[in-house]
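One structure below.
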Amino acid sequence: CQSSPDRGLWDKSLSWERCDFHWHLYQPQPDTWDEQYMEQWCQKYLTYKSKDIKVLPVFVYNADWSWDRGERTFEHHNQKWHIKPRPDGKFTCELYSLKDGKRVKDTSQFGGIQFMPGLKFKENNNIIDGNHTWALSSDNVEAWENFVRRVVNHLRQEPYNTEYFQVWNEAYPTSGFWFGGMDEFMERVYLPAAKIIREAGGKVVYGGWPCGGTIYEFIQLLDKYKAWELTDVLDIHYFPLA
């Protein structure tokens, strides 16, 4: 996972490598593609392939310009987040309990987000910065599709012949990798990307369901969106052996 093709593990132990393909590095501006990033990424890919190692590309995360900067509210379990943009470019983030409607003041209940870069809370406890892991803006779904299609079409060809593609990583409101609702993730990110991958003849990996959510919850989400029909591999992260 994000290793180097020079590591000795590849000689006798491992046969797969999981490599992030960053949207913000490949498309820094809506009308700009950094082909040097693609070339460098693909060169590393070919180094792995020369050692009989298969590569799993992971499409992550937002571009600098694509994440949702608008006012929004989303719910998860018994909590509701309200995000509101400020004149200084930061955001007011309020967390409320759905049980009694009161604001939650303890930042530890924001899940993992306070530990992520760009999401450090200020002294007054509710002013934060946004970053690549925030929800994709509804206005940029087409841009996300264009990004995925461009990379998939490239990697499906010779000399890569990539078969499997992972969509995002640990998308979950409290994982630190997706700060939004799961409905937004499925509708704006996962299903559009999965359809493109399948249309190109590839296979879809549901990217890293985190141990912060239950397996039952995962199944409910896949059922709700009939996502089984567009999913080939379920990737589940880090549950204890018990």
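The values are calculated or read from the model by the stated rules, or taken from the named source; none is laboratory data. Bear in mind that the values here come from a model prediction, so they are computed numbers and not experimental data. Ideal geometry is used to build each Cβ from the backbone, glycine not excepted, and the neighbour counts take in all protein chains shown. Heavy atoms of the whole protein, side chains included, go into the accessibility calculation; ligands, DNA and RNA do not. Shrake-Rupley method; radii C 1.70, N 1.55, O 1.52, S 1.80 Å.
Quickly run through the stretch 81-97 and pick out the residues that are in contact with an Asp or Glu (Cβ under 9 Å, 6 or more places away or on another chain) and either open to solvent by 70 Å² or more (accessible area, probe 1.4 Å) or assigned to a loop (DSSP other than H, G, I, E, B) (or both).
Listed by number, the residues that qualify are LYS84, GLY89, LYS90.
Conditions tested, residue by residue: (1) modelled with pLDDT of 95 or more; (2) open to solvent by less than 50 Å² (accessible area, probe 1.4 Å); (3) touching a helix residue (DSSP H, G or I) at 6+ places or on another chain (Cβ under 9 Å).
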| site | (1), (2), (3) |
| --- | --- |
| LEU155 | yes, yes, yes |
| GLU163 | yes, no, no |
| TRP168 | yes, yes, yes |
| SER175 | no, yes, yes |
| TYR190 | yes, yes, yes |
| ASP235 | no, yes, no |
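Could you count how many residues in the stretch 7-55 are assigned to a strand (DSSP E or B) and among the β-branched types (Val, Ile, Thr)?
Summing the residues that are assigned to a strand (DSSP E or B) and among the β-branched types (Val, Ile, Thr) in the stretch 7-55 gives 2.
Could you list, in sequence order, all residues of the stretch 123-143 that are modelled with pLDDT of 85 or more, outside any strand (DSSP E or B) and touching a Ser or Thr at 6+ places or on another chain (Cβ under 7 Å)?
SER137, ASN140, ALA143
Note down all Cβ pairs under 6 Å where the first residue falls in the stretch 30-49 and is closer than 13 Å to ARG18 by Cα and at pLDDT 95 or above, the second is open to solvent by less than 60 Å² (accessible area, probe 1.4 Å) and among the charged types (D, E, K, R), and they're at least six residues apart or on different chains.
Every condition considered, no pair remains.
Could you tell me whether any residue of the stretch 168-175 is of a type outside the set (S, T, N, Q) and either free of Cβ contacts under 8 Å to residues at least 40 places away in the same chain or farther than 17 Å from TRP134 by Cβ (or both)?
yes
Of everything in the stretch 177-187, what is outside any helix (DSSP H, G or I) and open to solvent by 30 Å² or more (accessible area, probe 1.4 Å)? Give them in sequence order.
Correct list: PHE177 only.
Filter the stretch 212-223 for residues that are open to solvent by 10 Å² or more (accessible area, probe 1.4 Å), out of contact with any Ser or Thr (no Cβ under 9 Å at 6 or more places or on another chain) and touching a residue at least 12 places away in the same chain (Cβ under 8 Å) and give the result.
Matches in the stretch 212-223: ILE215, LEU221.
What are the pairs with Cβ atoms under 9 angstrom where one residue, in the stretch 89-102, is at negative phi and the other, located anywhere, is open to solvent by 50 Å² or more (accessible area, probe 1.4 Å) and of a type in the set (Ser, Thr, Tyr)? Sequence gap at least six, or different chains.
Listed by first residue and then by second, the contacts come to LYS102/TYR96.
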